[in-house]
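K.L.:
I have a structure I would like to understand better, so I am pasting it below and will then ask my questions one at a time.
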Amino acid sequence: MSNLLRLLGRRLVALPIMVLGVTLLVFVVMSFSSADPARLALGESASAEALQAYRETHGLNDPLLVRYGRYLAGLVQGDLGESFTGVPISQLVGQNFPVTLQITFVGLLMGVVLALVLGVVAALYRDRWPDQVIRIFSIASLATPSFWLALLLIQAFGNVPGGTYTFPAVVTEWVKFSQNPGGWATQIFLPALACAIPLSGSLTRVVRTSMVEELDRDYARTAIGAGVPRGEVVARNVLHNALITPLTVLGLRIGYMMGGAVVIEMIFNIQGMGQLIFQGISRNDVNIVQGVTITIAIAFILINMLVDLLYVLVNPRIRSI
């Protein structure tokens, strides 16, 4: 428990520093944008006086560090600024970010379950035909981009000409789980699966390698040699110890999955962070792009901190140091 508290303390100390670094980097990069916020907000026909008054009112003429300090002060209060149309970005993020999180974590759950099953089977039947088949699946999954896989899934299972009319190819309106669980599951299945398969390909190899290493250890061979059923040894001891390494890899992959979900949303026309950042880019709305990027970056930092804490809970060797 003391190690967990020490790690939690270190992560909490490092969290503001990482957030500060990420926000500063994004803010500086966005400041180089050629888009003129005043002209985008007031229109091309605005007079020079009106443009200058807008810049003065919104502090656009202030030095970069002054503008960053003002933005950071608002960010601490949950204020991400406003879009050029006057809509609070925190409101836009609040509407769209939960959708992206749902796709990410449903895809994560599907990918982890698939990787565990395939990785364990491949380890138990190592160098035999199930292991070879699973190896081919893993390599194919790793080589398949999620956006291309999404298009294949739409053609095979979506409600398009020639498809089987099972799952929606285009999500016109996001259905909440609390309103219609069946409709929610139907609309999220294909996007989540497109995110899950590439994850399962990489994670399967890690689970398989970790399982093989644990099965070759003395405690596993001794227990099996003493007559303990192999399945019981795997379920009670080997699998628990073998999950430590995949857990560390999973923490890094969650961020990539969130980025992949943003692209997948565009393909399925899902109103999530992907659509929001696309709208910001297409309208040259730097504030939207900046708000979305910072939100995803902070979420990635928080998720990795939670994975680190979970790693300590799972790994008894670290807890005993």
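K.L.:
Once the mean 1/r over all distinct Cα pairs of region 89-318 is inverted, what Kirkwood radius in angstroms do you read off?
P.N.:
Evaluated on region 89-318, it is 19.3 Å.
K.L.:
Next up: Going by average Cβ neighbours within 10 Å, how do the peptides 264-270, 45-51 rank, with the highest at the top?
P.N.:
264-270, 45-51
K.L.:
Across region 83-88, in residue order, what do the Karplus-derived ³J(HN,Hα) couplings come to in whole Hz, using 6.51 cos²θ - 1.76 cosθ + 1.60 with θ = phi - 60° and x for Gly and Pro?
P.N.:
Going residue by residue, I get 6, 5, 8, x, 7, x Hz, with x marking Gly and Pro.
K.L.:
Could you order the peptides 293-306, 185-198, 215-228 from most to least packed, using the average number of other C-beta atoms within 10 Å per residue?
P.N.:
Ranked by mean Cβ neighbours within 10 Å, highest first: 185-198, 293-306, 215-228.
K.L.:
Sum -39500 (n - 2.57) across every DSSP H segment of at least 4 residues in the chain, then divide by the residue count to get the 222 nm mean residue ellipticity, nearest 500.
P.N.:
-25000 deg cm²/dmol, from helical runs alone.
K.L.:
Report the far tail of the P(r) of region 131-251, meaning the percent of Cα-Cα pairs longer than 22 Å.
P.N.:
I get 55 percent for the Cα pairs in region 131-251 exceeding 22 Å.
K.L.:
For region 89-318, give the percent of accessible area contributed by carbon and sulfur heavy atoms, probe 1.4 Å, rounded to a whole number.
P.N.:
C and S fraction of accessible area: 66 percent.
K.L.:
From a point 7 Å beyond the Cα of Arg221 in the direction of its Cβ, which residues of region 113-131 have a backbone N at a distance under 12 Å?
P.N.:
none
K.L.:
Take the Cα coordinates of region 1-122, assign each an equal point scatterer, and use the Debye formula without solvent to give log10 I(q)/I(0) at q = 0.17 Å⁻¹.
P.N.:
Ignoring solvent entirely, the Cα scatterers give -1.07.
K.L.:
What is the spin-label model distance, in nm, from Arg6 to Arg70 if the labels are put 7 Å beyond Cα along the C-beta direction?
P.N.:
4.5
K.L.:
Give me the Debye-computed log₁₀ of I(q)/I(0) at q = 0.22 Å⁻¹ for region 107-190, equal point scatterers on Cα only, no solvent, two decimals.
P.N.:
-1.06
K.L.:
How far apart, in nm, are two points set 7 Å out from the Cα along the Cα-to-Cβ line at Val29 and at Tyr256?
P.N.:
1.8
K.L.:
Let me ask something else about it. Quick query: amide H of Glu82 versus all other amide H atoms, modeled in the peptide plane; which residues come in under 5 Å with a sequence gap of 5 or more or a different chain?
P.N.:
Those lying under 5 Å, H to H, from Glu82 are Ile89.
K.L.:
Now, a different point. Quick one: 3J(HN,Hα) in Hz for region 229-237, Karplus 6.51/-1.76/1.60 with θ = phi - 60°, rounded, Gly and Pro as x.
P.N.:
x, 4, x, 5, 4, 5, 5, 8, 10
K.L.:
Ranked highest first by average number of other Cβ atoms within 10 Å, how do 129-136, 99-106 line up?
P.N.:
Ranked from most to least packed, the peptides come out as 99-106, 129-136.
K.L.:
Let me ask something else about it. Where only protein heavy atoms count, and the probe is 1.4 Å, what is the accessible area per residue for the chain in Å²?
P.N.:
Value returned for the chain: 52 Å² of accessible area per residue.
The values are calculated or read from the model by the stated rules, or taken from the named source; none is laboratory data. The shown structure was predicted, so the numbers you read here are calculated from the model rather than taken from an experiment. Every residue, glycine as well, gets a Cβ built from its backbone with ideal geometry; the counts of neighbours run over all protein chains shown. For accessibility, only protein heavy atoms count, side chains too; no ligands or nucleic acids. Shrake-Rupley method; radii C 1.70, N 1.55, O 1.52, S 1.80 Å.
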